[in-house]
Ligand code: MUC
Ligand code: MG
């Protein structure tokens with residue numbers, strides 16, 4: 001089965017509640033829908049969410065690199081020639097969201113062709129994941145109210161709290177308010193998106209220890225090499241590398257250098273193929289992983305849970321799977337549903353998704 005075309009559709013869907021964090025903010029999901037077409041009529045689909053503040057990609061760059069490089073390089077190739085396809089994709093450096101969407105759409109096609117879900121193809125460990133909700137910057141009482149609403153409506157009891165503001169008190173007050181509102185049963189962890197220095201991070205961790213957190217993510221830049229190493233060495237909980245470890249090589253370096261002790265795996269930036277390489281690397285090195293969120297819509301969330309549920313090590317912790325709830329609408333015909341704090345995998349061939357043509361027409365930006 002051969003690739004005949006790769007289609008890219010830019011679209012924009014506003015958020016009802018923007019997400020704010022130390023490295024940026026997102027008000028509208030300005031993503032690119034990627035569809036890989038084949039000569040047997042099967043079409044694979046995936047989402048590319050450009051994150052200029054993390055990887056330098058934009059909607060235009062995703063469309064440009066797929067249209068001018070990846071589509072000509074892959075057209076005519078067999079969908080199952082996976083190593084050769086990756087060799088061609090990786091002739092180009094960077095562009096993680098564009099590469100990942102192409103990779104995941106190809107897995108969608110493989111699953112459809114074989115009559116198996118992507119989760120079963122990847123490992124088939126579980127049919128669901130526990131869900132963690134990411135709380136963006138706001139006042140303590142509003143973040144606590146959002147967390148309570150998520151718990152009461154969807155059964156979510158794990159929360160990733162965005163931190164990294166100055167003065168530190170802003171975020172420490174939030175964490176205290178959350179602990180008080182949610183009680184001891186709730187799991188809280190923090191993500192600084194490199195907002196603090198290493199010494200600010202160390203001061204915050206001393207306070208956070210008393211509140212009870214289970215992970216600390218990218219509190220300071222990995223490029224503050226010695227400060228970060230000292231921070232990670234003294235950190236009482238696993239220290240997660242997210243945007244500083246986005247390739248298999250960076251993951252190895254950050255674990256060996258003492259820049260992190262755990263890794264955030266995001267299918268939006270490493271697809272299924274490289275996410276799996278990273279996951280197995282982490283298993284081999286004894287580093288925990290958390291399934292992260294690239295501020296994904298429903299299609300990106302389906303991809304994260306399809307991967308996360310597939311392996312014991314990626315399904316162990318709650319995955320960040322709920323932030324699509326803050327979008328005003330979405331593109332899937334069958335919306336993603338969270339129940340009892342979990343998200344189920346679609347037990348259908350491939351990713352098991354269909355795009356609603358009316359919604360795509362409404363939100364696409366190329367007409
Ligand atoms: C996260 O985990 O950092 C915010 C920026 C980004 O690239 O992803 C989100 C969530
Ligand atoms: Mg992060």
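Each value in this text was obtained by applying a stated rule to the coordinates, not by laboratory testing. Nothing here was measured: the structure is a model prediction, and the numbers come from that model. Reconstructed Cβ throughout: ideal geometry from the backbone, glycine too, with neighbour counts over all protein chains shown.
For the chain, take the longest principal axis of its alpha carbons; what is the angle in degrees between that and the long axis of helix 169-182, to the nearest 10 within 0 to 90?
Computed tilt is about 80 degrees.
Per-residue counts of other Cβ atoms within 10 Å, averaged by peptide: what ranking do you get for 235-241, 128-134, highest first? Mind showing how you got there, number by number?
Numbers: 235-241: 20.3, 128-134: 23.3.
The packing order, highest mean first, is 128-134, 235-241.
Go through 269-277, 323-331, 219-227 and give me the packing order, highest mean Cβ count within 10 Å leading. Don't skip to the answer; put the middle values down first.
Details: 269-277: 23.3, 323-331: 19.8, 219-227: 17.7.
So the order, starting with the most tightly packed, is 269-277, 323-331, 219-227.
Please state the relative contact order of segment 208-317 as a whole percent: Cα pairs under 8 Å, 6+ residues apart? Intermediate values should be presented prior to the final figure.
Numbers: 144 pairs, mean separation 22.7, N = 110.
For segment 208-317, the relative contact order is 21 percent.
In whole angstrom, note down how far apart the Cα centers of segment 196-233 and segment 340-355 are.
Result: 36 Å between the Cα centres.
Let me know the Kirkwood hydrodynamic radius for segment 1-71, please, with Cα pairs as the basis and the value in Å to one decimal.
Details: mean 1/r = 0.0744 Å⁻¹.
The Cα-based Kirkwood calculation yields 13.4 Å.
Pairs of Cα atoms under 8 Å, at least six residues apart: use those to get the relative contact order of segment 120-344, whole percent. Intermediate values should be presented prior to the final figure.
Working: 426 pairs, mean separation 54.5, N = 225.
24 percent.
Stretched out fully, how many nm does the piece from residue 69 to residue 225 gain, at 0.36 nm a residue minus the Cα gap?
On the way: separation 156, 0.36 × 156 = 56.16 nm, distance 3.50 nm.
Using 0.36 nm per residue and subtracting the Cα-Cα distance, I get 52.7 nm.
For the chain, find the longest principal axis of its Cα atoms and tell me its angle to the long axis of helix 225-234, 0 to 90°, nearest 10.
The answer is roughly 70 degrees.
Return the whole-Å distance between the Cα centroid of segment 234-303 and the Cα centroid of segment 53-113.
Each part reduced to its Cα centre gives a spacing of 20 Å.
Okay, helix-only estimate at 222 nm for the chain: each DSSP H run of n ≥ 4 adds -39500 (n - 2.57), divide by all residues, round to 500 deg cm²/dmol; what do you get?
Here the helix-only value at 222 nm equals -11500 deg cm²/dmol.
Taking the Cα atoms of the chain, report the difference between the largest and smallest coordinate on each principal axis, in whole Å and largest first.
Extents along the principal axes, in whole Å: 59, 41, 37.
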